[in-house]
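To start, the structure under review is shown below, and the notes come after it.
A short reminder: the numbers here are calculations on the coordinates, not readings from a lab. Since the model is a prediction, treat every value here as computed from it, not as a measurement. Every residue, glycine among them, receives a Cβ derived from its backbone with ideal geometry; neighbour counts consider all protein chains shown.
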Amino acid sequence: MKKVVKFGGSSLASAEQFGKVGAIIRADKDRRYVVPSAPGKRDSKDTKVTDMLYGAYALAEKGKDFDKELEAIKARYQEIIDGLRLELSLDKEFEKVKADFKAKAGSDYAASRGEYLNGIIMADYLGYDFIDAAEVIFFDDNGNFMPDKTNEVLRDRLKESERAVIPGFYGAKLDGTIKTFSRGGSDITGSIVAKAAKVDVYENWTDVSGFLVADPRVIDNPKGIDTITYRELRELSYMGASVLHEDAIFPVRKEGIPINIRNTNAPKDKGTWIVEDTCQRSKYTITGIAGKKGFCAINIEKDGMNSEVGFGRKVLQAFEQNGISFEHVPSGIDTMTVFVHQSEFEEKEQNVLATIHKLVQPDFIELEADLALIAVVGRGMRQTRGTAGRIFSALAHANVNVKMIDQGSSELNIIIGVKNDDFEEAIRAIYRIFVEIQL
Ligand code: ASP
């Protein structure tokens, strides 16, 4: 067996955390490839090294002095080196970082040093090879990730290393300029390494024991999710459940490599398995609930619109022309509603309305703001009758007015639109009926 293990920032925030990570890696000889993040927060008031680097570089870019800021970053690493009693010195590395900052090497370069330096420490601590991600992960001139070239080069490089550390979050363009993924991107690196090394499992170690059925800020102590499919995860992540970077599933998804989310602070917990598909029934009819506030509905009415060929296309064209993407489009005989992100829509609303008027001459347009969308997701819904019925009776009992319902054809999710103010109560009602009462 071969495993890739990725550790997030909070798992590597201090020497103590490094100690836990070392014990986890040494406990299983299959854990051969390690992808570290930069040191994260040691407590809620702390600052992530990545953010410290962005801050220091912002000063450098303006030609201001950044010595103090860089020293503070160095101190974070030194604390780890000293705590682990390593004989490593990063003096030379920091001299280079300083010179590169002065030469304005770019904010991606600056941020990437967080993972790069942590990777050097990790490799030294474990006695593993160090592979600079800039030599094996590639982006094209426009900054788009190059999966094929990366896979080829990385695969060949990994064949030479029995055990190695590959820092997360960055790679390089073909001319050597450092480029990062978006924030949280070490998850993507882990997935890329998992694919190239053809491992059996990609373990993603963080500070929670996997995915929860609902957001703990809304539900006290929600239950955990044992197994979730890639498709379910996409639905939940899109609606705000954030444990793993959204793009992290793509490299492994077609390779049949499962991802196991684990907790560095509770290594015995089994965590959540993310798989292509499973015969395992989820514990409850639903796998998870997630949602977001801040949507706006545009209701368009026109008598006989259902027989007017091209009506829907023209309405959506009005949004497209104004650069706004839509979320959902429920429709009736004489009505069509378009759900959009309020923040995106607000500044362009009058332009959109004018374009709709011009393109389809509606009888009436009405806007409704401050709406929330809630996704109830679960592969179990396909085999179970009455899921929608149960959701709506739960919402009715909780006095929540349902503004919109959308069940995708995959029968994997039901999306419900409610007022922002009803958001929390709606989630609690759905959680209660499926998880607590288990109807
Ligand atoms: N350190 C980077 C960030 O804070 C990348 C990561 O942790 O995945 O976003």
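Numerical summary
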item	result
Overall dimensions of segment 23-68 as given by Cα atoms, namely Rg and Dmax in Å	16.5, 48
5 angstrom amide H check on ASN260, placed H, neighbours 5+ away	TYR202, GLU203, ASN204, ILE274
Dimensionless Rg ratio for segment 313-371, taking C-alpha atoms and the 2.2 N^0.38 Å reference	1.03
Cα-based reach from LYS348 at 25 Å (exclusive), listing lysines while leaving out same-chain residues under 8 positions away	LYS292, LYS293, LYS302, LYS314, LYS358, LYS403, LYS419
Inter-label distance, nm, simple model (7 Å from Cα along the C-beta direction), ALA72/GLU16	2.2
Degrees between helix 147-159 axis and first principal axis of the chain (Cα, 0 to 90, nearest 10)	30
DSSP beta bridge pairing in the chain, given as percent antiparallel to the nearest 5	60
Viscosity 1.002 mPa s, temperature 20 °C, Stokes-Einstein D of segment 284-439 from Kirkwood C-alpha radius, µm²/s	129
Whole-angstrom gap from segment 198-270 to segment 85-145, using each part's C-alpha centre	27
At R0 = 22 Å, FRET efficiency that the Cβ-Cβ distance of GLN407 and GLU276 yields, to 0.05	0.45
Contour minus Cα-Cα distance for ASN306 and ASP370 (0.36 nm per residue)	20.3 nm
Dimensions in Å of segment 57-160 - Rg and Dmax from alpha carbons	15.8, 45
Sorted largest first, extent of the chain alpha carbons per principal axis (Å)	76, 51, 42
Within segment 118-218, percent of DSSP bridges classed antiparallel, to nearest 5	50
Between 0 and 90°, nearest 10: helix 49-61 axis offset from the chain longest Cα axis	80
Within straight-line cross-link reach of LYS270, lysines at Cα separation under 20 Å, skipping those fewer than 8 residues along the same chain	LYS2, LYS3, LYS6, LYS20, LYS29, LYS223, LYS283
Sorted peptide list for 192-198, 292-298, criterion being average Cβ within 10 angstrom, highest first	192-198, 292-298
Label-zone membership for segment 92-129, site ARG26, 7 angstrom Cα→C-beta point, backbone N under 11 Å	126-127
Helix 15-26 axis, angle to the chain major axis (alpha carbon atoms, nearest 10°)	90
